[in-house]
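These notes concern the structure reproduced below.
The values are calculated or read from the model by the stated rules, or taken from the named source; none is laboratory data. Being a predicted model, the structure only gives us computed values, none of them experimental. Note: ideal-geometry Cβ built from the backbone for every residue, glycine included; neighbour counts use all protein chains shown. Surface areas here come from the heavy atoms of the whole protein model, side chains and all, with no ligands, DNA or RNA. Shrake-Rupley method; radii C 1.70, N 1.55, O 1.52, S 1.80 Å.
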Amino acid sequence: MVKKKFMKTKCQVTFEAPQSAAETGENIHLVGDFNDWDEKATPMEKKRGNRFTVTVDLKLDHEYQYRFLVDGSQWHNDWEADKYVPNPFSGDNSVVSTHSNGHNE
């Protein structure tokens, strides 16, 4: 799940790992083209209720592909993403859009 906060020069996006990933994992990282698919760059914080979240500042008017990496070995999609695109590994990547559509503050 993603929550977006549009600002004048950026979009703050809060990502929450799906419950299926949170239930099985001890460590979850957000991995995507905004961090060059670095599997360690963006760790998610474990919250009450076994939820994992992280907030990232992204450029406006872009689309970013991402996935959740659980315990360094299991890839999960965000089933509430803006859309999905095929990846080269026989699966799909989640996509978040930061197109403001007039939402700027």
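Summary table
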item	result
Segment Lys3-Asp57, length gained on full extension (0.36 nm per residue, minus Cα span)	18.3 nm
Reported label for calculated percent of Cα pairs over 21 Å apart given (i) 31; (ii) 36; (iii) 43	(i)
Amide N proximity, the stretch 29-72 versus His99 label position 7 Å along Cα-to-Cβ, cut-off under 15 Å	60-65
Surface per residue (accessible, 1.4 Å probe) for the stretch 1-99, Å²	57 Å²
Computed lengthening from Thr14 to Asn87, 0.36 nm per intervening residue step minus Cα-Cα distance	24.0 nm
Exposure rank, largest accessible area first [His29, His62; 1.4 Å]	His62, His29
Trypsin sites (Lys or Arg not before Pro) within the stretch 1-65, DSSP loop, no more than 13 other Cβ atoms inside 10 Å	Lys8, Lys40, Arg48, Lys59
Accessible-area composition of the stretch 8-48, carbon plus sulfur, in percent [1.4 Å probe]	41 percent
